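Colleague: Sharing a structure with you now.
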Ligand SMILES: [Zn+2]
């Protein structure tokens, strides 16, 4: 697809803000327009022209308009005290802020990547310094910890939920090199693509099944803050992946009974199979294309499994729940792990650079658990995972072996799923017009986008 068209579509869809009440399991967040709604609190830009200093001396500190906003990102090794001192705060102020914060969010919980915002207003003219009016720490996208002056040089801290809007986004496109790279270019956030790839890893061999020209289509909810910045995403709602003319479609399901959340095919079969076709992060494969005819990599009659080319150190996942039966050195296989699953299946993983701690015979593993790292031990000329599947003790082709679905919804769960699925379908094919019509229909919000079933 023309990337410009993708972007234009993305932009149009970006205006659609709605709370998918059907997905109440995802939590209740305020849904409001990105453009309007809550009063503007803090300008994102700095400096903002403020009132003259003399007029401000009588204004309580809390109500002063910030004239300077500084955003910092916590780096490894930073301490709160050092960060604050580095922004010109006095020793007394630093101590007061740290003291206020401690009961709410101990400073040692500061993590690299946390965002710290300092807001200053004009201080008393005689001191000439800008007064600190707010310190905001964002330990995650949903919460912020706000420290405000409490008079007499003291501060007080409180935890507040951020007013995040949920904005429905959709992007589709054609796979040009890898799914990950193509989806990034289409504007899909990396964590969303990683989740899509993971959910399809049960059915798709990401090393061999993808062809140039295959297509993807993803619908997800972006979390947008009061400044219009995209700060995160909810689990994606729908993904369609078409490989070699075969469409595979999965929908998110949040069981109102609270028994399961996950992804299901339209007919209610779980996207998850008892074993994964790609027991490694598909986004990290060395090449999505061209490996099929590689003389060493790929399944042939003499070759006993499939190979996934990936950088050394890439995590290797247990393809299914099971019990480790072998873990150690095995000749040309190098470092090797073999797992016994239900239904007479076993899987094997060769050439590992490392076997994960605790992985030894007799140990139970969960599907998706990291059991080792990609390497080139034994007879391997480049880092790759050699993956084998056994059934009733005999090697079978991992690409073609029939794998049982982990679960098929029935009864009340199927009814609930069908209703959620149909709401998402209505978003994919808005009744009575294109997405553009819906988006232009005025203020984004639940009222304007009543999804019909
Ligand atoms: Zn191999």
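Colleague: Name, by its number, the condition in (1) touching a strand residue (DSSP E or B) at 6+ places or on another chain (Cβ under 9 Å); (2) farther than 21 Å from residue 284 by Cβ that does not hold for residue 331.
Modeller: (1)
Colleague: Name every residue in the range 346-359 that is within 24 Å of residue 272 (Cβ to Cβ) and either away from the ligand (no atom under 16 Å from the Cβ) or loosely packed, with under 13 Cβ neighbours inside 10 Å (or both), in order of residue number.
Modeller: Across the range 346-359, the qualifying residues are 346, 356, 358, 359.
Colleague: Which is more than 30 Å from residue 144 (Cβ to Cβ) and surrounded by fewer than 16 Cβ atoms within 10 Å (Cβ to Cβ), of 239, 244? Show your work before the answer.
Modeller: On the way: 239 fails: surrounded by fewer than 16 Cβ atoms within 10 Å (Cβ to Cβ).
Criteria check complete, one pass: 244.
Colleague: Restricting the range 276-295 to residues that are over 21 Å from the mean Cα position of the chain (by Cα) and buried (at least 20 other Cβ atoms within 10 Å of the Cβ), which is modelled with the highest pLDDT?
Modeller: Of the residues in the range 276-295, the ones over 21 Å from the mean Cα position of the chain (by Cα) are 277, 286-295.
Then keep just the ones that are buried (at least 20 other Cβ atoms within 10 Å of the Cβ); that gives 277, 288.
Numbers: 277: 93, 288: 51.
That would be 277.
Colleague: Next question. Regarding the range 311-333, can at least one residue be identified that is surrounded by fewer than 16 Cβ atoms within 10 Å (Cβ to Cβ), within 15 Å of the ligand (Cβ to nearest atom) and not in a loop (DSSP other than H, G, I, E, B)?
Modeller: yes
Colleague: Regarding the range 441-448, can at least one residue be identified that is at pLDDT 95 or above, part of a loop (DSSP other than H, G, I, E, B) and surrounded by 17 or more Cβ atoms within 10 Å (Cβ to Cβ)? Give the steps one after another, and end with the answer.
Modeller: Just the residues of the range 441-448 that are at pLDDT 95 or above, to begin with: none.
For the range 441-448, residues at pLDDT 95 or above, part of a loop (DSSP other than H, G, I, E, B) and surrounded by 17 or more Cβ atoms within 10 Å (Cβ to Cβ): absent.
Colleague: Kindly indicate whether residue 368 is over 26 Å from residue 270 (Cβ atoms) and either away from the ligand (no atom under 15 Å from the Cβ) or surrounded by fewer than 20 Cβ atoms within 10 Å (Cβ to Cβ) (or both). Let's see the steps before the verdict.
Modeller: Numbers: over 26 Å from residue 270 (Cβ atoms): no; either away from the ligand (no atom under 15 Å from the Cβ) or surrounded by fewer than 20 Cβ atoms within 10 Å (Cβ to Cβ) (or both): yes.
No: the conditions fail for residue 368.
Colleague: Here's another thing I want to ask about it. Check residue 141 against each of (1) buried (at least 22 other Cβ atoms within 10 Å of the Cβ); (2) under 20 Å from the mean Cα position of the chain (by Cα) and name the one condition it does not meet.
Modeller: The number of the failed condition is (1).
Colleague: Continuing with this model, one more query. For residue 298, which of the numbered conditions (1) modelled with pLDDT under 85; (2) within 18 Å of residue 197 (Cα to Cα) fails to hold?
Modeller: Just one mismatch for residue 298, condition (2).
Colleague: Further question on the same structure: Closer than 30 Å to residue 113 by Cβ, surrounded by fewer than 20 Cβ atoms within 10 Å (Cβ to Cβ) and either more than 26 Å from the chain's Cα centre (by Cα) or touching a residue at least 60 places away in the same chain (Cβ under 8 Å) (or both): does that describe residue 162? Let's see the steps before the verdict.
Modeller: On the way: closer than 30 Å to residue 113 by Cβ: yes; surrounded by fewer than 20 Cβ atoms within 10 Å (Cβ to Cβ): yes; either more than 26 Å from the chain's Cα centre (by Cα) or touching a residue at least 60 places away in the same chain (Cβ under 8 Å) (or both): yes.
It is true that residue 162 is closer than 30 Å to residue 113 by Cβ, surrounded by fewer than 20 Cβ atoms within 10 Å (Cβ to Cβ) and either more than 26 Å from the chain's Cα centre (by Cα) or touching a residue at least 60 places away in the same chain (Cβ under 8 Å) (or both).
Colleague: So which residues in the range 399-415 are in contact with a strand residue (DSSP E or B) (Cβ under 9 Å, 6 or more places away or on another chain), at pLDDT below 90 and outside any strand (DSSP E or B)?
Modeller: Within the range 399-415, the first condition is being in contact with a strand residue (DSSP E or B) (Cβ under 9 Å, 6 or more places away or on another chain), and the residues that meet it are 399, 401, 403-409, 413-414.
Okay, now just the ones that are also at pLDDT below 90, so 399, 401, 403-407.
The answer is 399, 401, 403, 404, 406, 407.
Colleague: Something else about it: Looking at (1) within 16 Å of the ligand (Cβ to nearest atom); (2) surrounded by fewer than 19 Cβ atoms within 10 Å (Cβ to Cβ); (3) more than 19 Å from residue 313 (Cα to Cα), can you tell me which one residue 389 breaks?
Modeller: Exception for residue 389: condition (2).
Colleague: Another one. Of these, 343, 362, which one is at pLDDT 95 or above, in the same structural domain as residue 308 (by TED's automatic domain parsing), away from the ligand (no atom under 16 Å from the Cβ) and out of contact with any strand residue (DSSP E or B) (no Cβ under 6 Å at 6 or more places or on another chain)? Working first, answer last.
Modeller: Numbers: 343 fails: at pLDDT 95 or above.
Of 343, 362, the one residue that is at pLDDT 95 or above, in the same structural domain as residue 308 (by TED's automatic domain parsing), away from the ligand (no atom under 16 Å from the Cβ) and out of contact with any strand residue (DSSP E or B) (no Cβ under 6 Å at 6 or more places or on another chain) is 362.
The values are calculated or read from the model by the stated rules, or taken from the named source; none is laboratory data. Computed from a prediction, not measured in an experiment: that's the story for all the values here. Positions of Cβ are generated from backbone atoms using ideal geometry, with glycine treated the same way; all protein chains shown enter the neighbour counts.
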